[in-house]
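Chemist: Can you read through this structure? Questions will come right after.
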Amino acid sequence: MAFQMPDRGGGPTGPRIRVGRPSRRIRTLLTTLGVLAALAMLFVMFAGFWTDWLWYRSVEYSSVFTTTLGTKIGLFAVFGLLMALAVGFNIWLAHRLRPPLSAMSMEQQSLDRYRMSIAPYKKWALLAVAALVGLVAGASAAGQWRTWLQWVNGVSFGQKDPQFHKDISFYTFDLPWYRFLLSFGFAAAVLSLIAAALVHYLYGGLRLTSPGGRATSAATGHLSVLLGLFVGLKAIAYWLDRYGLAVKSSGLKSTDGWTGLRYVDANAYLPAKTILFIIALICAVLFFATLWRRTWQLPVIGFGLMVLSAVLIGGLYPAIVQKFQVQPNEQAKEAPYIKKNITATREAYGIDGSDVKDYSGRSEVKDKEKLRADADSTASLRLLDPNIVSPTFQQQQQVRGYYQFPSTLDVDRYKVDGKEQDTVIGLRELNIKGVSDRNWINDHFKYTHGYGAITAKGTSTDKAGAPDFTEQSLPTEGVLGKYEQRVYYGEKTSQYSIVGGPQKELDYSSDKGEKSYSYQGKSGVSLSNPVNRAAYAVAFGEAKILYSGAIGEGSRILYNRTPKERVESVAPWLTIDGDAYPAVVGNRIQWIVDAYTTTNGYPYASRTTLGDTTADSLTTGQRAVVAQQNQVNYIRNSVKATVDAYDGTVKLYQWDEKDPVLKTWMKAFPGTVKAKSTISGDLMDHLRYPQDLFKVQRELLTRYHVTNPGTFYTGSERWQVPDDPTTKKGNAVPPYYLSMKMPDQKEQSFSLTTTFTPKSRPNLGAFMAVDADAKSPGYGKIRILKLPSETTVWGPQQAQSKFNGDPDIANQINILQRGDSEVEYGNLLTVPLDGGLLYVEPVYVRGAGSNYPLLKKVLVNYGEKIAFEDTLDKALNVVFGVSSPSTGTKPPDEGTTKPPTSQNPTVKQAVKDAQDAYEAGQKALESKDFSAYGKAQKDLKDALDRIAKAEAGSSDKAGQGDKPEAEKDGKPAG
């Protein structure tokens with residue numbers, strides 16, 4: 001009986017089963033998912049591009065975006081295509097020049113399986129390799145957009161280098177681009193050579209182990225041409241290296257970052273590079289000649305000669321010249337080149353106009369009253385340290401926990417009672433971490449801005465030692481008049497905010513309750529468009545932006561809100577100063593940002609590292625310089641920028657009208673920088689000399705104040721920037737803004753000042769000040785007072801040590817520190833006065849149970865005299881001998897402690913021991929006996945502790961009825 005299979009196709013015996021249908025559904029599903037994934041990836045890429053475009057358009061700098069993007073795309077396309085064509089053409093040519101299969105050796109026959117596997121995909125493999133190298137080369141070229149724009153828009157410096165007599169623009173704008181082209185050529189030649197050699201080997205044009213010829217004539221000719229191109233590029237490299245010597249960094253005794261030719265460069269390396277250039281050209285011709293000679297003999301000999309010449313002429317010969325000609329008489333040999341380096345460095349950093357004058361450091365004035373009067377007229381001594389008093393601003397003017405002041409406040413000038421006054425200023429910015437109820441709506445819709453600028457006199461405090469506020473409260477009231485107080489853009493504003501829509505913002509809170517507000521500015525990007533909302537939802541990784549009901553008609557998103565971030569974004573070719581500072585200009589708060597043009601290609605000018613030279617004891621991540629190039633040898637404060645604190649408007653003003661680097665960038669980005677003449681008078685009142693530029697210049701002037709090559713070489717007059725004596729970090733002392741007059745000035749001028757000490761010595765070596773008032777005709781003039789090396793005027797560290805080591809002062813400090821109180825030293829100001837140096841240092845006390853410091857004492861030193869008094873006037877009177885010093889001090893928040901008394905025998909002996917220990921420590925320092933110095937310091941501390949214990953015992957016995965001397969005189973103590 002025959003077996004009959006069931007009919008599964010349907011019909012009378014049963015339903016038809018379609019096995020293929022589920023697999024088709026799966027394929028369709030997978031295809032759909034793949035398409036959706038690809039679309040999602042494309043939208044993520046589109047979101048980044050689209051949000052960037054919207055932001056640049058919102059700040060009205062869309063030309064920066066289009067120019068930068070267009071340049072990157074153009075470089076990517078051109079150089080990517082060139083690389084792909086170069087490599088792809090040589091692969092195709094090597095395949096085309098392959099020998100017939102019948103001529104292949106046994107070695108090559110073993111490669112059949114590789115050829116067979118590639119054969120069906122030859123075209124695709126060629127395209128894939130060419131595309132890969134093209135993408136890599138294009139991406140690398142796109143990163144050179146700054147180099148390209150500078151080369152194509154380069155402006156002449158109108159000044160030539162002393163060696164090759166080429167305009168400096170050749171080194172700053174042209175040479176970097178030529179070097180990039182050369183490196184690209186090398187990469188193309190090497191990749192083409194490797195690819196062609198592999199194809200020739202795969203198809204039998206090259207043989208490694210077979211007997212007979214190692215290469216076919218076609219392969220020989222092809223590879224020799226590529227080698228000839230490589231060697232020809234090497235010849236060009238030797239020629240460019242000649243000019244590169246002018247911007248080459250090398251070491252020289254007593255000089256860091258030396259740049260430019262030295263004796264061995266000019267007399268050994270320079271001729272060696274010329275000879276190697278000629279040899280490389282000859283070698284390249286020999287490689288090209290193999291097209292006709294079909295032999296490697298001559299080019300190999302030529303290449304070997306080039307390598308040997310590079311070793312002997314380019315390496316050994318200069319070493320011999322350095323060893324036997326330069327080293328025996330290096331100072332004389334290097335003198336002309338040191339002179340060129342000094343001249344170029346001083347020009348490149350803008351210190352060539354520095355006015356260096358000798359200063360005795362010792363006053364010859366005997367008239368006490370004249371010295372006292374001159375102290376008032378010479379400087380407006382600032383007692384309010386912007387680095388110390390921020391907690392006091394916070395405590396007294398924060399008002400609400402969601403406001404915050406920066407840790408370091410700023411110094412500016414405002415008119416108080418019709419007179420310009422050094423003023424400490426800080427903005428009451430939003431601190432989102434201080435919001436008690438954190439959620440998405442509160443973080444990004446309700447709490448959106450800070451409120452008001454708080455200012456205080458820099459030269460005085462109130463009776464309690466707190467800042468003497470000239471603008472305060474919420475909303476603020478005072479000397480600034482009416483202005484827009486809302487701060488939407490600030491140094492603390494890092495999160496995005498969505499404003500202007502259905503959700504109201506908290507404006508500020510007062511005794512009458514919370515006031516709401518809706519943003520009226522033009523800033524930000526509209527979210528009314530669903531495409532924009534989707535793009536920002538992706539860009540910020542927050543899906544709620546897409547569907548939240550808090551976003552509607554009129555909603556705008558604000559981001560990139562810090563001043564430095566906004567300026568850096570609209571001018572990516574600038575280096576941004578670390579300290580943006582606020583100013584009330586007209587009726588708006590403006591952030592003022594100093595910006596620099598830099599290059600590392602200024603011939604003969606020594607290089608410096610911006611991150612290192614601009615760091616000091618106050619530098620934090622927020623106050624660090626934003627550098628496009630960290631290693632530079634040319635810098636100009638070419639641009640003053642402003643950022644409106646309410647609507648974020650960014651304006652760039654041309655400040656240095658002669659700077660060729662800025663002119664080059666203005667050609668590349670026309671219309672982005674406004675003319676200097678458009679700066680308003682109100683804004684000009686608040687422009688100042690920038691700190692980071694000053695710090696770079698002072699670091700260079702530690703060496704380059706010397707213009708004599710011999711003295712420069714020996715380093716005998718080298719200075720150093722002293723460490724900040726008021727902190728334990730061991731970092732450089734920061735420069736200080738101060739209204740003062742130098743000996744050659746008739747009136748006080750807003751200045752930026754610093755001190756120098758001789759290398760490895762603590763005494764004062766020089767004092768430097770620059771006129772920092774933008775309105776002043778002498779703006780930017782650097783004045784240096786150089787002290788004689790044989791005069792031992794106290795340096796900052798010594799002055800602080802003298803303060804700390806004085807037994808009477810140390811005793812009073814111990815009393816101030818009683819309990820949980822802490823003493824904090826303010827900025828140690830230095831002022832030249834009648835031939836001598838005046839040191840002034842405010843002393844703050846953070847009392848027990850208090851989290852903010854108050855000014856309690858002022859330290860003053862002039863010559864060998866020291867005063868430690870409750871007020872600056874009293875301290876000046878004492879130090880100049882027009883009044884007697886106080887006999888004691890009052891500890892914080894107490895009025896019952898008696899001052900030290902000389903009738904207490906324990907105190908008398910302890911004071912004597914302290915004085916002996918102090919003198920022993922000074923002698924140990926002079927003899928550099930640090931072991932003895934450590935013992936003396938320990939003895940000094942023990943003596944001071946005995947004084948404090950004795951006085952504490954006396955205070956307990958005295959009871960609560962005694963009053964300190966300051967209070968008996970009817971004056972407030974502390």
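Chemist: For the chain, take the longest principal axis of its alpha carbons; what is the angle in degrees between that and the long axis of helix 530-539, to the nearest 10 within 0 to 90?
Modeler: The angle comes out at about 80 degrees.
Chemist: Restricting to Cα atoms and excluding each atom paired with itself, what does the Kirkwood estimate give for the stretch 381-561 in Å?
Modeler: Working: mean 1/r = 0.0565 Å⁻¹.
Taking the inverse mean of 1/r over all distinct Cα pairs, the stretch 381-561 comes out at 17.7 Å.
Chemist: How far is it, in nm, from the label point at LYS912 to the one at ASP873 when both lie 7 Å from their Cα along the line to the Cβ?
Modeler: 4.0 nm
Chemist: From the phi angles alone, apply the Karplus equation (6.51, -1.76, 1.60; θ = phi - 60°) to the stretch 431-441 and give each ³J(HN,Hα) in whole Hz, x where the residue is Gly or Pro.
Modeler: 10, 5, 5, x, 6, 6, 10, 8, 7, 4, 5
Chemist: Moving on. Excluding the sites themselves, what is the longest stretch of the chain that contains no GluC sites (Glu not before Pro) in a DSSP loop with at most 10 other C-beta atoms within 10 Å?
Modeler: Numbers: sites that count: GLU364, GLU553, GLU747, GLU790, GLU864.
With a cap of 10 other Cβ atoms within 10 Å, the longest stretch comes to 1-363.
Chemist: Any idea what the alpha-carbon Rg over 2.2 N^0.38 Å comes to for the stretch 339-423?
Modeler: Values: Rg = 21.1 Å, N = 85, 2.2 N^0.38 = 11.9 Å.
Taking N as the residue count of the stretch 339-423, the ratio is 1.78.
Chemist: So what does the Cα-only Debye profile of the stretch 562-687 read at q = 0.11, 0.16, 0.22 Å⁻¹, as log10 I(q)/I(0), no solvent term?
Modeler: So the normalised log intensities work out to -0.38, -0.80, -1.36.
Chemist: On C-alpha positions alone, give me the angle between the axis of helix 796-805 and the longest principal axis of the chain, in degrees, nearest 10.
Modeler: Helix 796-805 and the main axis of the chain meet at about 40 degrees.
Chemist: For the chain, what does the relative contact order come out to in percent, with C-alpha contacts under 8 Å and a separation of six or more?
Modeler: Working: 1769 pairs, mean separation 100.9, N = 974.
Normalised by residue count, the contact order of the chain is 10 percent.
Chemist: Using the reciprocal of the averaged 1/r over all distinct C-alpha pairs, how large is the Kirkwood radius of the stretch 421-486 in Å?
Modeler: Values: mean 1/r = 0.0737 Å⁻¹.
One decimal place: 13.6 Å for the Kirkwood radius.
Chemist: How are the C-alpha pair distances of the stretch 649-740 spread across 10 Å bins, as whole percents from the shortest bin up?
Modeler: Once binned at 10 Å, the Cα pair distances of the stretch 649-740 give 12, 26, 28, 24, 10, 0.
Chemist: Then there's this: Quick check: from the Cα gyration tensor, does the stretch 216-348 come out rounded (a/c under 1.5), prolate or oblate?
Modeler: Values: a/c = 4.38, a/b = 2.53, b/c = 1.73.
Taking the square roots of the gyration eigenvalues as a ≥ b ≥ c, the stretch 216-348 is prolate.
Chemist: Which angle between 0 and 90 degrees, to the nearest 10, do you get for helix 20-58 versus the longest principal axis of the chain when only C-alpha atoms count?
Modeler: Helix 20-58 sits at roughly 40 degrees to that axis.
Chemist: So for the chain: antiparallel DSSP bridges make up what percent, rounded to the nearest 5?
Modeler: Antiparallel bridges make up about 95 percent of those DSSP assigns within the chain.
Chemist: While we're looking at this one, here's another question. Using Cα pairs under 8 angstrom and six or more residues apart, how large is the relative contact order of the stretch 523-646, in percent?
Modeler: Values: 198 pairs, mean separation 30.9, N = 124.
With pairs under 8 Å counted, the relative contact order is 25 percent.
Chemist: With label points built 7 Å along Cα→Cβ from the Cα atoms of ALA319 and GLN395, find their separation and express it in nm.
Modeler: Placing both labels 7 Å beyond Cα along the Cβ direction yields 6.7 nm.
Chemist: Once you have the Cα-Cα distance between TRP124 and ARG293, take 0.36 nm times their residue separation minus that, and quote the gain in nm to one decimal.
Modeler: 57.3 nm
Chemist: Continuing with this model, one more query. What is the packing order of peptides 870-877, 725-732, 434-441, taking the mean over residues of other C-beta atoms within 10 Å and listing the highest first?
Modeler: 870-877, 725-732, 434-441
Chemist: Report ³J(HN,Hα) in whole Hz for each residue of the stretch 490-499, in order, from the Karplus equation J = 6.51 cos²θ - 1.76 cosθ + 1.60 where θ = phi - 60°; Gly and Pro get x.
Modeler: After applying 6.51 cos²θ - 1.76 cosθ + 1.60, I find x, 5, 9, 8, 9, 8, 7, 10, 10, 10 Hz.
Chemist: Here is a follow-up. Can you give me the relative contact order of the stretch 381-561 as a percent, contacts being Cα pairs under 8 Å and 6 or more apart?
Modeler: Across the stretch 381-561, relative contact order equals 19 percent.
Chemist: Using a basic spin-label model with each label point 7 Å from the Cα along Cα→Cβ, how many nm lie between LEU81 and VAL190?
Modeler: Label at LEU81, label at VAL190, 2.6 nm between them.
Chemist: Here is a follow-up. Restricting to the stretch 562-687, what percent of DSSP beta bridges are antiparallel, rounded to 5?
Modeler: Values: 24 of 26 bridges.
Approximately 90 percent, going by the DSSP bridge assignments.
Chemist: Taking 1 over the mean of 1/r across every pair of different Cα atoms in the stretch 297-456, what Kirkwood radius in Å do you get?
Modeler: Working: mean 1/r = 0.0414 Å⁻¹.
It is 24.1 Å.
Chemist: While we're on this one: Given (1) 788; (2) 299; (3) 273, which label gives volume of the Cα convex hull per residue in Å³ as computed from the coordinates?
Modeler: Checking each listed value against the structure points to (2).
Chemist: What are the extents of the Cα atoms of the stretch 737-875 along their three principal axes, in Å, largest first?
Modeler: 51, 38, 27
Chemist: Still on this structure, please answer the following. How would you rank 237-248, 601-612, 29-40, highest first, on the average number of other Cβ atoms within 10 Å across their residues?
Modeler: Answer by packing, highest mean first, reads 601-612, 237-248, 29-40.
Chemist: Follow-up question, since we're still on this one. Based on the alpha carbon coordinates of the stretch 382-470, what radius of gyration and maximum Cα-Cα distance (Dmax) apply, in Å?
Modeler: Cα radius of gyration and Dmax of the stretch 382-470 are 14.8, 47 Å respectively.
Chemist: Hey, which of these cross-link pairs are over 25 Å Cα-Cα: LYS912/LYS935; LYS564/LYS674; LYS695/LYS874; LYS874/LYS938; LYS512/LYS856; LYS564/LYS781?
Modeler: Result: LYS695/LYS874; LYS874/LYS938; LYS512/LYS856; LYS564/LYS781 exceed 25 Å.
Every read-out reported here was derived from the displayed coordinates using simple, explicitly stated rules and does not represent laboratory data. Model, not experiment: these values are computed from the prediction. FYI the Cβ positions are ideal-geometry reconstructions off the backbone, even for glycines, and counts take in every protein chain you see.
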